[in-house]
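Each remark here refers to the structure printed beneath this line.
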Amino acid sequence: MNPYFANYLYRLIGIVRREPVHSILKNIRNNLFLSPDKLKKIQKDKLHSIITYAYENIPFYKNLYDHYKINIGKLNLPEDLRHLPIIEKEDFQKHYEAFFPYRLNSSFAKIFNRFDIEATSGTTGIPLRIAKDRQKSAYIRATMFRFYSIYGISIGEKQARFWGVPVKRTDRLKEKFKDLCANRIRISAFALYNENFSRIYESILSFKPKYFYGYPSVIYEFAKWIDDNLGSQQPPIESLKCIITTGEILYEHHRQLMKRIFGCPVINEYGSTEFGVIAFECPRGKMHINADHVFVETIPSKWTGINEIVITELNNFFNPLIRYRLGDMGSVRQGGCNCGWTFPILEEIAGRTRSFIVTPDGRSVNHVVLGYTLRKGIKNFKGIQISKNLVKINFVRDKDFSERLLSKYERRLRKFLGNQIQIIFEEVDNIERTKSGKYAYFESLIDQGV
Ligand SMILES: [Zn+2]
């Protein structure tokens, strides 16, 4: 579809759905460059309005803040945010109905209100239902396109989406329709077989996408196939301006291969179904928080030396999440980037709390150490911590594999994990993707006390 036509179609769908993406985008586009003081003022005002709204309209918060005897009017924000209790995923799941505003307290009222229900992929083991009204969806899309526009991607631009495909036929058809309206083609994370790659390559060449979007592991597999099979003979995908990766860790060697094969920037996005984009990579390689959309705090975790990310929504006047423990780790830094964006920086984003290898001497080591170590000769892997003393690594061999590599990798891993833990390697034919199409590179079967 012609991108101009697609843009107008998007606009039309926005009008029909009452989802004002374009007008919000116009209003917030330049916020990225606000002075820090102006940004602070916006955050302060939004936090104040959202907390007041929540207390007055949402049964869950009314009960919670009354229980803790919190005087909403007296909060000095954002400093006093820390006095509000943290919301856990379990709370949100268990009290699903109590997060709807009072005015929608009957199923009849819900029928006439416009909201969509989405489900998270449940990578943390707790699948969630999330009701999003059209204003929230519009903010999610507008703040996302604000970042994309920096890299020359506007609404309606052609996208090749490297993603999962739903198992249920009706869901598959729904996704197909959405893909069509959003001017994108979908490359299924479940169809990455050698016999499929040349067909995928041809379809991308003929569709002429302006950008790739999706899980880095899927785009990487495609890049690797090109590198192994076509090498320098490949015709370039000339339409391609950038690659935006999301949903999984973007390993540096994966990024480098994609850059070399596709000859365009590879940009990292950090987000979640609950909030949309939480942080986005700037042209200087820093992850800036989407600071007029989400307020990010970090709190000390049960894990020594690691902070947990806690998020408050700033634009959701339907069922806002206030101080919601997302389950990821990271640290916030004000300023310190010369790209021109003034939004704070999120550093050391370290994945889920359950993504740490616990060593017998009591340390917690982020599982990304596996991805940085197991490279040559290993096509894919999954680490499983079976007990405090045992980590098993299932791997699929690549063409340059040799047994010697395994002892080399074990030696390297010991530098991080110590000598007391047992590390065993087991060759397998295939590593399964999760239902959503992502790779879980690590799984811990022990109770980590979280
Ligand atoms: Zn920057």
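What to note about this one:
- LYS41-GLN334 pseudo-label distance in nm [points 7 Å out on the Cα-to-Cβ vector]: 1.6
- Protection proxy ranking of 89-100, 311-322, 206-217 - average other beta-carbon atoms within 10 Å, highest first: 311-322, 206-217, 89-100
- The slack between LEU390 and TYR102, meaning 0.36 nm per residue of separation minus the straight C-alpha distance, is 98.6 nm.
- When the pairs LYS382/LYS435; LYS89/LYS132; LYS40/LYS74; LYS46/LYS136 are compared against a 23 Å limit on Cα-Cα distance, every pair falls at or below it.
- Net lengthening on full extension, ARG29/SER206 (0.36 nm per residue, minus Cα-Cα): 60.5 nm
- In sequence order, calculated HN-Hα J values of the range 233-241 (Karplus, 6.51, -1.76, 1.60; Hz; x Gly/Pro): 6, 5, x, x, 8, 5, 5, 6, 9
- Potential extension, GLU175-ASP80 segment - 0.36 nm per residue separation minus Cα distance: 30.0 nm
- Global geometry of the range 356-444, whether rounded, prolate or oblate, following the gyration tensor of its Cα atoms and the 1.5 cut on a/c: oblate
- Cα pair count fraction exceeding 28 Å, expressed as % - the chain: 55
- Gyration tensor (alpha-carbon) shape descriptor, the range 165-283, a/c threshold 1.5: oblate
- Cα gyration tensor category, rounded, prolate or oblate, for the range 1-108 with a/c compared to 1.5: oblate
- Among ILE424, ILE393, ILE153, residue whose mean-square fluctuation peaks in a GNM of the chain (springs only between Cα atoms under 10 Å): ILE424
- Our helix-only sum for the chain, with -39,500 (n - 2.57) per DSSP H run of n ≥ 4 divided by its residues, gives a mean residue ellipticity at 222 nm of -10500 deg cm²/dmol.
- Shape index of the range 254-410: Rg/Rh, with Rg the Cα radius of gyration and Rh the Kirkwood radius from the inverse mean 1/r over Cα pairs, equals 1.03.
Each reported figure results from applying straightforward, stated rules to the coordinates on display, with no laboratory input. Note that this is a predicted model, so its numbers are computed, not measured. Glycine also receives a Cβ, built like all others from the backbone with ideal geometry; neighbour counts cover every protein chain displayed.
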